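Asks: Okay, here's the structure, questions in a sec.
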Amino acid sequence: MKKEELLRAIVDNVGKRGTAGQDLQNVISVAMLSEGWDAKNVTHIMGLRAFTSQLLCEQVIGRGLRRVSYDTDENGLFLPEYVNIFGVPLSIFQSVEEGGDAPPPPRASTQIESLHERNTLEIRWPNVLRVDAIVRPLLTIDWDQVEPLTLDPAQTPISAEIAPALNGATDWNKIHEIDLEKMPEDFRLQRLTFKAARKAFEELRGRFKGNPDFLVVQMIRLVERFFASGKLVIPSLFHQEPLRKRILFSLHADQIVQHLLRHVDEKNTERMEPVFDEESPIGSTRYMRAWYTTRPCHATGKSQISHMIADSAWEQYAANFLEKNANVIAYAKNDHLGFQVYYLWNGARRRFVPDFLIRLSTGKTLVLEIKGEDSAQNRAKRSALDMWVKAINAKGGFGVWASDVVFQPAQIHDVINQWSR
């Protein structure tokens, strides 16, 4: 039989003994695969029905273009890989009799799973969509406690050059400059104040107990004082010119509002109100779906999760310590667990996934983050986590929670001892 006829006979008799397809286990249609589903070990592709367009041919052939191995030859180039294609009429590919060597098998993977025999090591947590800080009607800020906010001009371009392009070629003769400094009316201080106050009002209005009009007046007053307080630091003499300074204020409006509201919440919060996920209010290490990885991982003893993947040497050091420490009853690396804390950064809602969940002998559950260096965004993450912990402890019913961060491996000893008292 010809190759095409043999493959059709195999597909028509999948799993039937005594036929050409008796050794075939599964056939998956390309149309059944959702977008983003990749199979890296495809060796044969065969068209079983007519194709309606060349684009569909390219899409089908694309299923066989996933590289399996990234090994290189003596020249530092990737080794060639091949896929055999039958019945796909794509003229740009040359028809050959032999398709070369089959790709090497994929690297061995490890199954990461939740072990039901370790249910005593289960760690549960509430799935919180957001935490609303209900603030009192009269807002105040302790300006002495407000730390400076640095606006880096190097990370904020205020001018750019653009040019038309056709077929990938840029026409440099028609280059045009856009310079924000040439639009001073758009960056008047009063306009920036109202713009920032409006953003702060939209953020606070749902959790403000007083009259909304009174909130507008207070936010304008607080923003005006924040702009004039000297708490906005610009480490550049060139950008101290009033117009350039106002441009930086405008481009960092979301960051300025978040910084200001953090101190408003700290000083004026009456209570924390967590909003739970109605579809899945409780998360657990027991519910984690099994998944596979080719990354280095290590078997666990004090975790319901079978293996732990160390993304850094520090995390591996922390896991070794948690396994041996008598104050640690159970722990879990927060990978594929679904535990996350939402926070705002630059006006966008983002997800923060802490590194470890640790249940201590005192009954407390510690959320531990390991960081090599600190940044403004990391501080915003920890601030959201602190608010999450306070809200859950105030709500009750989920045990006692705590959070901490370590910047040096040795600090984990002090952190665990501190929260174990």
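The values are calculated or read from the model by the stated rules, or taken from the named source; none is laboratory data. The structure presented is a predicted model; accordingly, all values stated were derived computationally and were not measured. Cβ coordinates were reconstructed from backbone atoms using ideal geometry, including for glycine residues, and neighbour counts include every protein chain displayed.
Asks: In the range 110-119, which residues are more than 29 Å from Tyr343 (Cα to Cα) and either out of contact with any strand residue (DSSP E or B) (no Cβ under 8 Å at 6 or more places or on another chain) or crowded, with 17+ Cβ neighbours inside 10 Å (or both)?
Replies: Thr110, His116, Glu117, Arg118, Asn119
Asks: Working carefully through the options Val415, Val400, Val353, Val389, find the one that is surrounded by 19 or more Cβ atoms within 10 Å (Cβ to Cβ) and either in the same structural domain as Ala310 (by TED's automatic domain parsing) or over 23 Å from Ile305 (Cα atoms) (or both).
Replies: Criteria check complete, one pass: Val389.
Asks: Which residues, counting only those in the range 120-137, are at pLDDT 85 or above and surrounded by fewer than 15 Cβ atoms within 10 Å (Cβ to Cβ)?
Replies: Those that are at pLDDT 85 or above and surrounded by fewer than 15 Cβ atoms within 10 Å (Cβ to Cβ): Thr120, Leu129.
Asks: Touching a residue at least 60 places away in the same chain (Cβ under 8 Å), loosely packed, with under 13 Cβ neighbours inside 10 Å, outside the structural domain of Leu385 (by TED's automatic domain parsing) and aromatic (Phe, Trp, Tyr): which single residue out of Phe214, Phe249, Phe238, Phe208 fits that description?
Replies: Phe238
Asks: Additional query: On the basis of being β-branched (Val, Ile, Thr), under 23 Å from the mean Cα position of the chain (by Cα), under 26 Å from Asp265 (Cα atoms) and part of a helix (DSSP H, G or I), does Val389 make the cut?
Replies: yes
Asks: Output the residue which, of all residues in the range 48-89 that are part of a helix (DSSP H, G or I) and of a type outside the set (A, V, I, L, M, F, W, C), is farthest from Thr294 (Cα to Cα).
Replies: Filtering first and then ranking leaves Gln54.
Asks: Could you grab me the full set of residues in the range 253-296 that are outside any loop (DSSP other than H, G, I, E, B), over 30 Å from Phe201 (Cα atoms) and under 21 Å from the mean Cα position of the chain (by Cα)?
Replies: Result: Ile282, Gly283, Ser284, Thr285, Tyr287, Trp291, Tyr292, Thr293.
Asks: How many residues does the range 297-312 contain that are exposed (fewer than 15 other Cβ atoms within 10 Å of the Cβ) and in contact (Cβ under 8 Å) with a residue 60 or more places away in the chain?
Replies: The qualifying residues number 1.
Asks: I would also like to ask the following. Quick test of your reading of the structure: Ala330 fulfils all but one of (1) modelled with pLDDT of 95 or more; (2) of a type in the set (Gly, Ala, Ser); (3) out of contact with any Lys or Arg (no Cβ under 9 Å at 6 or more places or on another chain). Name the failing condition by number.
Replies: Only one criterion in (1) modelled with pLDDT of 95 or more; (2) of a type in the set (Gly, Ala, Ser); (3) out of contact with any Lys or Arg (no Cβ under 9 Å at 6 or more places or on another chain) is unmet by Ala330, namely (3).
Asks: Please find, among Ile28, Ile61, the residue that is modelled with pLDDT under 75 and out of contact with any helix residue (DSSP H, G or I) (no Cβ under 8 Å at 6 or more places or on another chain).
Replies: On inspection, the qualifying residue turns out to be Ile28.
Asks: Which of (1) over 20 Å from the mean Cα position of the chain (by Cα); (2) outside the structural domain of Phe226 (by TED's automatic domain parsing); (3) of a type in the set (A, V, I, L, M) is the odd one out, the single condition Met308 does not satisfy?
Replies: (1)
Asks: Separate question: So, in the range 311-329, exactly how many residues are touching a strand residue (DSSP E or B) at 6+ places or on another chain (Cβ under 6 Å), more than 13 Å from Leu368 (Cα to Cα) and either not assigned by TED's automatic domain parsing to the domain that holds Ser361 or not in a loop (DSSP other than H, G, I, E, B) (or both)?
Replies: 1
Asks: Quick test of your reading of the structure: Arg107 fulfils all but one of (1) assigned to a loop (DSSP other than H, G, I, E, B); (2) basic (Lys, Arg); (3) at pLDDT 75 or above. Name the failing condition by number.
Replies: (3)
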